[in-house]
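*Asks:* Here it is, the structure, as structure tokens.
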Ligand SMILES: Nc1ncnc2c1ncn2[C@@H]1O[C@H](COP(=O)(O)OP(=O)(O)OP(=O)(O)O)[C@@H](O)[C@H]1O
Ligand SMILES: Nc1ncnc2c1ncn2[C@@H]1O[C@H](COP(=O)(O)OP(=O)(O)OP(=O)(O)O)[C@@H](O)[C@H]1O
Ligand SMILES: [Mg+2]
Ligand SMILES: [Mg+2]
């Protein structure tokens, strides 16, 4: 039985400028112990989709317009707030990008970690304080005994982030939801934390939803990858399949926009002020859709060089991709491997413009 | 360029200590040496990448350069002038040439200002707009430059996602056409495709306007792509500095080697094989000095 089942989750924000279609019909299941990497365009609904399942979006303007989120057999969306609050932080650990749920500036780090533990009745105050030092050590903060009594402003950005991670895993949750949890960290500390996560996963059978922009982190951590755009899942599948046998034009554009990381790549040395133009990264042409007025069809169609006429009209369902690994799903009316045969660089057809 | 001419920025022995706790007599008992004798230069039109341990003093270095923080010791020279000696009125024209893009897109925008007004504010402060419609036009152009639809001008920061907010911050920073931008993790919060756009934008602005950057980042792939030179920080000190190629292809200091080996690669097959070089995070020994191992390539070693 899956640990978490998200069914047709749909979230709207009613703002002065119109209704924001933040999340539309998001459906997936997460198995116990599974690590799901969630990547996607900024504003694609990655954060809102997890915030809404935990009852953390401001209502109004936010509103759950439909769907269910079944965790251990119960729908989180209809659960009384008190029960949800107890699940949050205990069975579902959270590490958020959003300041709303971040550290309190007037409390010491020790107090905040201890509170996260004692508020769920898991330990005495004294034991929780000792545990706070242990947790800071676990997330790699040097001199944890000294640091634990400090206030958040006395920590660097990355140290604050690590304190948040300590709080997220304090209760050894079944599911950990991390939103850009290691983005602010140097790569050695990040690697250390990712190792810690893999450890906790093994030890506790903890499942994870790991939201990140870092395709390298996804490649190293996630069993499955889910790619979002315009409030929808564009592609989902085993990491290897999504990276090596990409089926969504958006994922393809994303991977192509990374700096060259091929082995043995020699970089040119550049001198400032040199007339020679330096190489640019591949961009995905165009801008993300205005989600108060999303395109009627595939949200990526206006920027997709492979879009067919149907893409502009009709939202494609998320289905098993043709001749792909089992569980490799794509929402596309076009066939990417086929399209790349005739247009390997994704050149925009001459006739196509902004108009859809 | 004339070899004798002053560089755009010269930082000399920059030091910042924070006293985090005090005893009964008000004497500090615990001192964090956030920045501990850091020296480097940035030329006109040059990008220096600043990477390293979280908490190693990268942001503090940036804040000291911007004079958002008073140094405990050391100097900052901008276009040959020591800015620590300047009065606030003398500092004003320099502020125009010295801009910042912050790490945290949430705290860098005034939540009560429409984002178009936030972006236009520096233009107004420095009298660079002739009226309401001129301001709107200039702000709209800045919005387009950073890949935002100008019709978002009248919205408030909370109505944007993290990545969108960071783009607004960049629009604001480039409004005055600065000579140096201290960019403290400017692309950290952005999605990959927008990172590419912003990094390309940084390159465009540099080629068009000769802008220089102090680019603080954790994404070594991007640093390698964007920066002319790189400095690596550990515990308040620079442990290695050189051209991007020197540092990446031939890292000398064990911390640099560990850092580079820990950078994740966006390829599941190679990630499964990647081996990290461990580094026991010991602070550099007090007497250690930077030695030139190759022309322009410096690494810290015991005295
Ligand atoms: N409080 C709010 N009011 C109105 N719109 C909102 C609010 N919060 C989020 N949105 C909108 O919902 C959409 C989804 O935002 P979300 O924060 O989930 O994006 P994201 O994928 O997490 O982006 P990022 O990568 O930048 O963090 C965006 O269009 C955003 O502008
Ligand atoms: N106002 C302050 N009071 C006390 N200590 C501080 C203060 N600001 C920074 N520090 C300390 O100075 C050191 C350097 O912090 P800084 O923010 O410059 O690091 P950083 O290299 O930017 O890290 P990150 O990569 O995590 O952003 C850290 O140990 C931090 O805790
Ligand atoms: Mg988000
Ligand atoms: Mg910093």
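The values are calculated or read from the model by the stated rules, or taken from the named source; none is laboratory data. Predicted model, so just to flag it, every value in this text is computed and none were measured. Reconstructed Cβ throughout: ideal geometry from the backbone, glycine too, with neighbour counts over all protein chains shown.
*Asks:* Has segment B:118-139 got any residue that is within 11 Å of chain A (Cβ to nearest Cβ), more than 16 Å from ligand 3 (Cβ to nearest atom) and within 28 Å of residue A:293 (Cα to Cα)?
*Replies:* The answer is no; no qualifying residue exists.
*Asks:* For segment A:70-99: of the residues being in a helix (DSSP H, G or I) and surrounded by fewer than 20 Cβ atoms within 10 Å (Cβ to Cβ), which is nearest to the other protein chains (Cβ to nearest Cβ)? Steps first, answer last, please.
*Replies:* Of all residues in segment A:70-99, those in a helix (DSSP H, G or I) come to A:81-87, A:99.
Among the residues that remain, those that are also surrounded by fewer than 20 Cβ atoms within 10 Å (Cβ to Cβ) are: A:81-86, A:99.
Values: A:81: 22, A:82: 27, A:83: 28, A:84: 23, A:85: 23, A:86: 28, A:99: 5 Å.
Step by step, filter segment A:70-99, then rank; the result is A:99.
*Asks:* Further question on the same structure: Does segment A:176-206 hold any residues that are within 14 Å of chain B (Cβ to nearest Cβ), within 16 Å of ligand 3 (Cβ to nearest atom) and closer than 16 Å to residue A:222 by Cβ, and which are they?
*Replies:* If we filter segment A:176-206 for residues that are within 14 Å of chain B (Cβ to nearest Cβ), which is where we start, we get A:179-198.
From the residues that got through so far, the ones that are within 16 Å of ligand 3 (Cβ to nearest atom) too are A:179-184.
Selection gives A:179, A:180, A:181, A:182, A:183.
*Asks:* So, one more: Do we find that residue A:35 is within 13 Å of chain B (Cβ to nearest Cβ) and either within 17 Å of the chain's Cα centre (by Cα) or within 16 Å of ligand 2 (Cβ to nearest atom) (or both) in this structure? Before the answer, list the steps.
*Replies:* Details: within 13 Å of chain B (Cβ to nearest Cβ): yes; either within 17 Å of the chain's Cα centre (by Cα) or within 16 Å of ligand 2 (Cβ to nearest atom) (or both): yes.
The answer is yes for residue A:35.
*Asks:* Here's a follow-up. Please tell me if residue B:224 is touching a residue at least 24 places away in the same chain (Cβ under 8 Å), over 21 Å from residue A:262 (Cβ atoms) and away from ligand 1 (no atom under 16 Å from the Cβ). Before you say what the answer is, go through the steps one by one.
*Replies:* Values: touching a residue at least 24 places away in the same chain (Cβ under 8 Å): yes; over 21 Å from residue A:262 (Cβ atoms): no; away from ligand 1 (no atom under 16 Å from the Cβ): yes.
No.
*Asks:* Moving on. For segment A:144-167, enumerate the residues that are modelled with pLDDT of 85 or more and within 16 Å of ligand 3 (Cβ to nearest atom).
*Replies:* If the condition is that a residue be modelled with pLDDT of 85 or more and within 16 Å of ligand 3 (Cβ to nearest atom), then A:164 is the only one that fits.
*Asks:* Checking residue A:146 against (1) in contact with a helix residue (DSSP H, G or I) (Cβ under 7 Å, 6 or more places away or on another chain); (2) within 14 Å of chain B (Cβ to nearest Cβ): exactly one of these is not met. Which one?
*Replies:* (1)
*Asks:* Out of the residues in segment B:225-243 that are more than 16 Å from the chain's Cα centre (by Cα) and more than 16 Å from ligand 4 (Cβ to nearest atom), which is farthest from residue A:272 (Cα to Cα)?
*Replies:* B:239
*Asks:* To continue, here is another question. Checking the conditions here, which among B:220, B:214, B:300, B:201 is within 11 Å of another protein chain (Cβ to nearest Cβ) and at pLDDT 90 or above?
*Replies:* Working: B:214 fails: within 11 Å of another protein chain (Cβ to nearest Cβ); B:300 fails: within 11 Å of another protein chain (Cβ to nearest Cβ); B:201 fails: at pLDDT 90 or above.
Of the residues listed, the single one that is within 11 Å of another protein chain (Cβ to nearest Cβ) and at pLDDT 90 or above is B:220.
*Asks:* In this structure, does residue B:222 turn out to be under 26 Å from residue A:240 (Cα atoms) and either within 16 Å of the chain's Cα centre (by Cα) or in a strand (DSSP E or B) (or both)? First the steps, then the outcome.
*Replies:* Working: under 26 Å from residue A:240 (Cα atoms): yes; either within 16 Å of the chain's Cα centre (by Cα) or in a strand (DSSP E or B) (or both): yes.
Here the answer is yes, as residue B:222 does meet what is asked.
*Asks:* What are the pairs, 6+ residues apart or on separate chains, where a residue within segment B:172-198 that is closer than 14 Å to residue B:50 by Cα and within 13 Å of another protein chain (Cβ to nearest Cβ) has its Cβ under 6 Å from a residue that is within 16 Å of ligand 2 (Cβ to nearest atom) and in a helix (DSSP H, G or I)?
*Replies:* As it stands, the answer is B:184/B:59; B:184/B:62, since those pairs meet every condition given.
*Asks:* Among the numbered criteria (1) closer than 21 Å to residue A:200 by Cβ; (2) surrounded by fewer than 20 Cβ atoms within 10 Å (Cβ to Cβ); (3) more than 16 Å from ligand 2 (Cβ to nearest atom), which one does residue A:129 miss?
*Replies:* Looking at each condition in turn, residue A:129 falls short on (1).
*Asks:* Can you tell which of A:109, A:50 is surrounded by 21 or more Cβ atoms within 10 Å (Cβ to Cβ), within 14 Å of another protein chain (Cβ to nearest Cβ) and within 16 Å of ligand 3 (Cβ to nearest atom)? Step through it out loud before you land on a result.
*Replies:* Values: A:109 fails: within 16 Å of ligand 3 (Cβ to nearest atom).
Every option except A:50 fails the conditions.
*Asks:* Out of all the residues in segment A:142-152, is one or more within 16 Å of ligand 4 (Cβ to nearest atom), assigned to a helix (DSSP H, G or I) and surrounded by 14 or more Cβ atoms within 10 Å (Cβ to Cβ)?
*Replies:* Within segment A:142-152 (the criterion being within 16 Å of ligand 4 (Cβ to nearest atom), assigned to a helix (DSSP H, G or I) and surrounded by 14 or more Cβ atoms within 10 Å (Cβ to Cβ)), the answer is yes, since at least one residue qualifies.
*Asks:* Follow-up question, since we're still on this one. Taking the residues in segment A:173-192 that are in a loop (DSSP other than H, G, I, E, B) and modelled with pLDDT under 90 as candidates, determine which candidate is nearest to ligand 1 (Cβ to nearest atom).
*Replies:* A:180
*Asks:* Scan segment A:284-304 residue by residue and report those that are buried (at least 19 other Cβ atoms within 10 Å of the Cβ) and farther than 25 Å from residue A:19 by Cα.
*Replies:* Within segment A:284-304, A:284 is the sole residue that qualifies.
*Asks:* Take residue B:201 and decide whether it is part of a helix (DSSP H, G or I) and more than 16 Å from ligand 3 (Cβ to nearest atom). Walk me through it before giving the result.
*Replies:* Numbers: part of a helix (DSSP H, G or I): yes; more than 16 Å from ligand 3 (Cβ to nearest atom): yes.
Yes: the conditions hold for residue B:201.
*Asks:* Let me ask something else about it. Quick check on my filter: what residues within segment A:24-46 are within 12 Å of residue A:229 (Cβ to Cβ) and assigned to a strand (DSSP E or B)? Spell out how you get there, then give the answer.
*Replies:* Here is the first cut: in segment A:24-46, the residues within 12 Å of residue A:229 (Cβ to Cβ) are A:24, A:26, A:38-46.
A:24, A:26, A:38, A:39, A:40, listed by residue number.
*Asks:* Sticking with this structure for a sec: Does any residue of segment A:269-276 turn out to be at the interface with chain B (Cβ under 9 Å from one of its Cβ atoms), more than 16 Å from ligand 4 (Cβ to nearest atom) and in contact with a strand residue (DSSP E or B) (Cβ under 6 Å, 6 or more places away or on another chain)?
*Replies:* yes
*Asks:* Residue check: is residue B:189 part of a helix (DSSP H, G or I) and surrounded by 23 or more Cβ atoms within 10 Å (Cβ to Cβ)? Reasoning before the result, please.
*Replies:* Values: part of a helix (DSSP H, G or I): no; surrounded by 23 or more Cβ atoms within 10 Å (Cβ to Cβ): yes.
No; evaluated as a whole, the condition is false for this residue.
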